[in-house]
Amino acid sequence: MNAAADIPRHAAILLAAGASSRLGQPKQLLALDGEPLLRRAARALLATAPAELVVVLGHDAERLHAALAGLPLRTCVALDHAEGLAASLRAGLAALAPDCAGALVALTDQPALAAAHLCALRDAWRAAPRRAVASAYAGVLGVPALLPRAWFDELMRLHGDTGARSLLRTRAGEVTALAAPALAHDLDTPAQCAATPGVTSMTMPFDPTPHRSASGFDLTPPSADERERLAARLTPEQRYVLFEHGTERPFCGGLLDEHGEGVFACRLCGLPLFRSETKFDSGTGWPSFFTPFDPAHVRAIRDTSHGMVRTEIRCARCDSHLGHVFPDGPPPTGLRYCMNGAALAFTAAPE
Ligand SMILES: [Zn+2]
């Protein structure tokens, strides 16, 4: 047996299922120093080197999940999260692997939650793993707290808005307390948020989507000024196609017979959209391609205009209309990107 095997292992549970009814927006996505509270709390818990981190989601699960992108954790959804804190705690405990000896439980709405305090809780628990270790603030014992596995059954029987705090009270003799007065401050109301230094961009949800495609192109939309400057260079027909969802007449667009080697880019913003080697003669009279330059460079939108159900294709950067995609193309994709020549600009590959 080696020394590492003697150290009791803890898992971490972050409870983030609540609906923030008093705040009118998911407080888990409030930014503190530019980072959502949810992501901050997850990173602080990961700093304790848990066997695993389970984040319990419920309300707004999809948006919250996106804010955790790239972190080594698992999420689970508490379907009955509306019942209260107990339901989230049960979901988190149920999701843990059976081999951890304790669970470090935390909430997202304590802006003072810090990795140093969490590590202190962990170290105190490792010294006496049969006991719980809890944070002491505002005259009570509460979370974050590290709860030993022997408590799990009783925690699984909690109901309603009763969290770990009730057990910390009834089993106070088995709890080691670590003072953390700053944790008394939470973010339940707009007034509390306003009084918390560093809480910013309260209406802007964190967007972890990279604005750069895998092929290395910036997908940030042009500003209004830039758009106006670019649009000034367009012909009336190009404006009609790009901005008014127009379709040029078949066999009239200039690029139908362009068979050179090169790249077809968005006529407005210049984002590369198709490569010449994916162009084929569809016989329709419009330039046709079987796959885009980069899947992230085009956006597909359901289009029910003209009494048909079609899939419209727009530029992913500037949102200009380009054409439609149909499922009757050649292999390998079987797709036919039917584009307006007026929406594209061709750049020949260097000789
Ligand atoms: Zn564009």
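Coordinate-derived values only; no laboratory data. Everything quoted here is computed from the prediction, not taken from an experiment. All Cβ positions, even for glycine, are placed from backbone atoms using ideal geometry, and neighbour counts span all protein chains on display.
Taking a ≥ b ≥ c as the square roots of the eigenvalues of the Cα gyration tensor, an a/c ratio below 1.5 marks the range 3-200 as rounded.
Each residue of the range 150-163 was assigned a 3J(HN,Hα) from its phi angle through the Karplus curve 6.51 cos²θ - 1.76 cosθ + 1.60 (θ = phi - 60°); the sequence is 4, 8, 4, 4, 5, 5, 5, 9, 6, 9, x, 8, 8, x Hz, with glycine and proline shown as x. In loop segments of the range 259-316 as defined by DSSP, the GluC sites (Glu not before Pro) with at most 14 further C-beta atoms inside 10 Å of their C-beta are GLU261. For the range 224-348, the square roots of the Cα gyration tensor eigenvalues, ordered a ≥ b ≥ c, give a/c below 1.5, which places it in the rounded category. Adding -39500 (n - 2.57) for every DSSP H run of four residues or longer, then dividing by how many residues the chain holds, sets the calculated 222 nm ellipticity at -6000 deg cm²/dmol.
Taking Lys and Arg as +1 and Asp and Glu as -1, the other residues whose beta-carbon sits under 12 Å from that of GLU174 total +3. Among residues other than LEU183 with Cβ under 13 Å from its Cβ, the summed charge is -1 (Lys and Arg +1, Asp and Glu -1).
Relative contact order of the range 224-348: 28 percent, from C-alpha pairs under 8 Å at least 6 residues apart in sequence.
Summarising the strand pairing of the chain, around 65 percent of its internal DSSP beta bridges are antiparallel. Proximity of backbone amide H atoms, modeled 1.01 Å from N, is registered between ALA145 and VAL105 at under 5 Å, excluding neighbours fewer than 5 places apart on the same chain. Counting only cysteine Cβ atoms and a cutoff under 4.7 Å, the chain contains unmatched residues CYS76, CYS100, CYS119, CYS193, CYS252, CYS338.
Quickly rank 170-178, 141-149, 76-84, 298-306 as a protection proxy: mean count of other C-beta atoms within 10 Å, highest first.
Sorting 170-178, 141-149, 76-84, 298-306 by mean packing, highest first, produces 141-149, 76-84, 170-178, 298-306.
If R0 is 30 Å, the Cβ-Cβ spacing of ALA194 and SER223 corresponds to a FRET efficiency of close to 0.50.
Computed over the chain, relative contact order equals 14 percent, with contacts defined as Cα pairs under 8 Å that lie 6+ residues apart.
Using every pair of separate Cα atoms, the Kirkwood estimate puts the hydrodynamic radius of the chain at 23.9 angstrom. Protection proxy ranking for 52-59, 64-71, 265-272, using the average of other Cβ atoms within 10 Å per residue and placing the highest first: 52-59, 265-272, 64-71. Karplus-derived 3J(HN,Hα) values for the range 298-306, using 6.51 cos²θ - 1.76 cosθ + 1.60 with θ = phi - 60°, are 10, 10, 9, 9, 5, 10, 10, 6, 6 Hz; glycine and proline are entered as x.
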